[in-house]
Number of protein chains: 6
Amino acid sequence: MSLTVYRKAHFNAAHRLYRKDWDDSRNEQVFGKCSNPNYHGHNYELEVGVTGSVDPETGFLIDMELLKKLIREEVEEALDHKNLNVEVPEFANLNPTMENIARVIWDKLRKHLDDKFELSVKLYETPRNFVLYTG
Amino acid sequence: MSLTVYRKAHFNAAHRLYRKDWDDSRNEQVFGKCSNPNYHGHNYELEVGVTGSVDPETGFLIDMELLKKLIREEVEEALDHKNLNVEVPEFANLNPTMENIARVIWDKLRKHLDDKFELSVKLYETPRNFVLYTG
Amino acid sequence: MSLTVYRKAHFNAAHRLYRKDWDDSRNEQVFGKCSNPNYHGHNYELEVGVTGSVDPETGFLIDMELLKKLIREEVEEALDHKNLNVEVPEFANLNPTMENIARVIWDKLRKHLDDKFELSVKLYETPRNFVLYTG
Amino acid sequence: MSLTVYRKAHFNAAHRLYRKDWDDSRNEQVFGKCSNPNYHGHNYELEVGVTGSVDPETGFLIDMELLKKLIREEVEEALDHKNLNVEVPEFANLNPTMENIARVIWDKLRKHLDDKFELSVKLYETPRNFVLYTG
Amino acid sequence: MSLTVYRKAHFNAAHRLYRKDWDDSRNEQVFGKCSNPNYHGHNYELEVGVTGSVDPETGFLIDMELLKKLIREEVEEALDHKNLNVEVPEFANLNPTMENIARVIWDKLRKHLDDKFELSVKLYETPRNFVLYTG
Amino acid sequence: MSLTVYRKAHFNAAHRLYRKDWDDSRNEQVFGKCSNPNYHGHNYELEVGVTGSVDPETGFLIDMELLKKLIREEVEEALDHKNLNVEVPEFANLNPTMENIARVIWDKLRKHLDDKFELSVKLYETPRNFVLYTG
């Protein structure tokens, strides 16, 4: 038996793809226009999934109000309207690709969830490019 | 090898979250505004998935017209434009959370599907809150 | 020159279509399953449009944070998770069709907007049925 | 640990469901209006998923520009604005059901992807009917 | 005061863009791959708008069940799963561009609507290309 | 008689809301977190509408391939993956609010369209905030 509840959220941010230890020319060769030194940005759409079993007393897997609050505090307040490269400590030395952003979000949420739950993070960087990370 | 076909459907309904054996104050404490005694409601969006193998003669996993008809008869006719708490027997003593609604739909469909198929039910209560149940 | 800004919002509610001065049989004849005495419900999606000219100082037609706050206070807090027939005074003697709900929302917002603005309200009752009211 | 990146694409095409070795009457009995000898058509929406691990140097699972180019060359150029039955060799003797189209797309992409990756293909034939194939 | 109700519908069909009185080379020059002699196809999404005033007795501008039935009979049954060029009389000598399809649908619906209503037809040929016709 | 064709496009960009002639404190007071000096960003979704009459020879209002090419050259190549404040000349002294971005896009397209056409630009800054400009 498998049951998962999902909550969608949203944040927008600026970023650029690059490695500090590469020069601009190599960054541009590998990351193309995504490496623009002046940054570009996205509306990131997030789907957080929590897998577990239903509490027979409430009929809830998890209280969605608590999940919504957790996502707001851990993800939206940390990333919304931010420059990921400059202002978010997790990306000080980590390239903010959608793969790495999904992993950072997963790590931030995981530590606040009971061990009985499994966690998945789906992150849309654009309507056509997205990533799913399940830990 | 894994192949799944999906069919979307829709119904709208009123409900409230509550337990008959709790008083109003405890219901409100646990379920908040979702426990409004006068009910509220949703447009529920449903995605039914059937996993199996392709019939080499037809190229179908299952005839989608049959699946559409099954969903209409078992789910839409039973739940559409209904008050889930008052009019749907499965919720007479079961809190109609999205988790429980998904499980009830899964049970209703499962008994009409050949054993060779696996079944999944994804149910959107709102565009931001949804649940996946795979039995 | 015409410029309009739009803000989307969301609420869910229960309702039934009926007239108090008609008996149940006539209500059902005219309103069908939408007249279910036990109510049904919807996720209402709302698009509020404000037409005017851009303030050359800010580049804003209207501060979207103020518009968002106005919609939250006047519409979402008044209608979300409510039974429209029972709990919303505007529908005490008004049939809560999507046409009438759109007009009530328009009236509630209009009185808080500067006369220099025009107002439109688009309301989705389901993904397939919606209404536009421009006053 | 599991990470999957997804890329959406689009093509539109005509098709009919039928078997050459069946007469028209049997084709219509099994495939209904989808067997119309004059064809009908769809906007097919495609989601290609690639599962693997992140390259620690780039932060990419796979370069999305390469994946986009692969989908364009192998799928869009082969299927877009085509009559699947008449013009696409893979369906010369294969009924172009959504199940079979998904399998053909999977086969076309699989041979160009490194063995270290897993591949999934989700194909929407209409907004309400879709299929997921994972090989 | 302006009020419009909308109803969405769907049909899928095959077509090609061409003029019988042009040779293939000129058709291809003007219409490109859309002129493929073997046809291609689309999922057409339709939004029908009816403008008028609310009946104070019912709170309806028009009974949406009647509008839904009219669209099904006049549009969906006439166009769904059809080859527009070959099987739909209106296109015997009319190029089935999205502009012309919208006008044909408008004409088909207009004659069944009371003169007191205005009519608009929005037709999506693909998620990125669409047309609005208001008569 | 009124006919409008629409084409959707997409670009993503970084920006901040601010006026050079205001100090940081006043910028933050008026524009809030949108004035973050390190920038944030969006996936901008664009709908370009062209109103006119149908060419009876082709059945086209305008060749959508030409419109698509015009949008790509004038809008996508100028704005995609750019920092609007730093790299786009039109915003050197103009606050890049969604209102102003829509007007800049309208101006860029207008000069390449025949006078017989009317032009509208709808721009989504987020899925919940958007603007329509008709010149």
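The numbers here are math on the coordinates, done by the rules we state, and not lab data. Predicted model only: the values in this text are computed from it and were never measured. Note: ideal-geometry Cβ built from the backbone for every residue, glycine included; neighbour counts use all protein chains shown.
Just a few scattered comments:
- The mean count of C-beta atoms from other chains within 10 Å of the C-beta of residues in C:73-85, rounded to a whole number, is 2.
- Efficiency of FRET from Cβ geometry, F:K116 and F:N93, R₀ 51 Å, rounded to 0.05: 0.95
- Distance between the pseudo-spin-label points of D:D24 and F:D23 (7 Å out from Cα toward the beta carbon): 8.4 nm.
- Take the Cα radius of gyration of segment E:2-133 and divide it by 2.2 N^0.38 Å, N being the number of residues; the result is 1.17.
- Peptide A:3-15 has a mean shielding of 6, counted as Cβ atoms of other protein chains within 10 Å of each residue's Cβ.
- Distance violations [Cα-Cα > 22 Å] among C:K122/E:K122; A:K111/C:K8; C:K8/C:K69; B:K68/D:K33; D:K8/F:K33; D:K8/D:K108: A:K111/C:K8; D:K8/F:K33
- Prolate/oblate/rounded call for the protein assembly as shown, Cα gyration tensor, a/c under 1.5 rounded: rounded
- Alpha carbon centroid spacing (whole Å) that separates segment D:2-29 from segment F:45-91: 33
- Two-site label geometry, D:D107 and A:M1: point separation in nm, points 7 Å out along Cα→Cβ: 4.1
- Taken residue by residue and averaged, Cβ atoms of other chains lying within 10 Å of the Cβ of B:60-67 number 4.
- Database remark: amide H of A:N83 closer than 5 angstrom to the amide H of A:A14 (H placed geometrically; neighbours at sequence offset of 5 or more, or on other chains; Pro and chain starts carry no H).
- Segment D:2-133: relative contact order as a whole-number percent, Cα under 8 Å and 6+ apart: 32
- Kyte-Doolittle mean at least -1.0, axial Cα span of 24 Å or more - DSSP H helices of chain A: none
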